[in-house]
Amino acid sequence: MQARPTLAPDSVDSAHLTDPVAKQQAVDAPLPSVSPPQQAPKTYGRLKVRAAEVKDFRAEPPTLFEKKTFAGTAPKRMIFIGDIHGSAKELNLLLCKLKFKKGEDQVVLVGDLVAKGPESVAVIRRARQISAWCTRGNHDDRVIRWREFLDGPGKALSQTELKDLEKSKGLPYDDFKTSGDHYQIARDMSPDDITWMKAFPTIMSLPSPFSEWVVVHGGLDPSKPLLKQSAEAVMVTRNIASGGPTSSRTEGQAWFELWADKVKGLNNGNSTGGNDVDFNEIHFNKIIYGHDAGRNLQLHPLTKGLDSRCVYGGQLTAFILPGEKPVSVTCPNYDGGDAGKDRRRRRRGAIPSAKPEPMYTVEQ
């Protein structure tokens, strides 16, 4: 039972001291309410970052669209390469097989340079070395968001605090996992690496004489003009369902099939709005993309899907213009079995990295 407060002489008048009824009423009066002490917002790290500041962090949104230009004359070849996923050795083998020459060839990477394979940072550095053009893939995007967070409010947090926040769902994005590749890649990148990657657009339009081509990582929504697409959706689209673009392969219909129907309708004069404005202003009708390893290599008249399961023991594929020629090299399975275990152990430093393969020498 809570103790009654002691009545001080100056808290009641003299009548209360002499009148028994008044005195009893004062004793029986309800206690004054007392507010509980205010708890300070939970903070983390040596810089005292508030939990809300961590949870509410948002990275810079990706650039939706970029129209590329050549600094001088057009290159002899445009070389488009599918999802590399950290397979640096295989990228070098493919460039060697292609007899790539810097200054004569322009390489375009369709996204997902990183994650799953063993040498993501090496792929980034190699791509920078050859002045590759790149679209932003969903795995690139997660690494970029991680790095922006680690350069921002996450800079003050220890790895233990990050893991605690992950367990309590206190990190800013649901796909942030401290045990995943993306976190470690984000930590390992240099400032120049992240500055370069942040510039990746989700849609890339090519200059003449290749201006009928557009490059994305996932896919487009054929019902919308190019500049009204969702940057987030473009990175992950595989199908178009009743609710719009989806990453599912089983719900709805493949976006590239609907795109072919769209172009056919436009060519027959049956336009219903949509992308007809894009043909007038940007003049494209062919699309190169990646992301869809489940369907493997997809070479259709208007769309070229270049994700040929490199990291899963398939191939790393290039598509060359002019000529529309595919060229591939075989890849090991980096994502499962003993190879996957070794990759994860190597990332943690439990086993030493394999002796690096000689880099293909680029002609300057």
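A compact table of results
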| quantity | calculated |
| --- | --- |
| Radius 14 Å from Cβ of residue 240, net charge of other residues (Lys, Arg +1; Asp, Glu -1) | -1 |
| Centre separation in Å (Cα based) which lies between the range 67-124 and the range 160-185 | 30 |
| Cα gyration tensor category, rounded, prolate or oblate, for the range 178-240 with a/c compared to 1.5 | oblate |
| Net charge of neighbours whose Cβ lies under 14 Å from the Cβ of residue 325, counting Lys and Arg as +1 and Asp and Glu as -1 | +3 |
| List 251, 148, ordered by accessible area with a 1.4 Å probe, largest first | 251, 148 |
| Exceeding the 24 Å Cα-Cα cut-off - candidates 55/177; 169/198; 97/286 | 169/198; 97/286 |
| Heavy-atom accessible surface of the range 51-98: percent carbon and sulfur, 1.4 Å | 55 |
| Highest average packing first - 177-183, 60-66, Cβ atoms within 10 Å | 177-183, 60-66 |
| Residue 198-residue 298 pseudo-label distance in nm [points 7 Å out on the Cα-to-Cβ vector] | 3.3 |
| With every protein chain in place, the range 131-213: carbon and sulfur % of accessible area (1.4 Å) | 45 |
| Å² of accessible area per residue within the range 92-164, as computed with a 1.4 Å probe and no ligands counted | 33 |
| Out-of-range pairs (alpha-carbon distance over 30 Å; input 101/264; 68/224; 101/228; 67/262) | 101/264; 101/228 |
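The values are calculated or read from the model by the stated rules, or taken from the named source; none is laboratory data. Worth saying up front: this structure is predicted, and the values here are computed from it rather than measured. Methodologically, a virtual Cβ is constructed for each residue, glycine included, from the backbone with ideal geometry; neighbour enumeration extends over all protein chains shown. Ligands, DNA and RNA are excluded from the accessible area calculation, which covers all protein heavy atoms including side chains. Shrake-Rupley method; radii C 1.70, N 1.55, O 1.52, S 1.80 Å.
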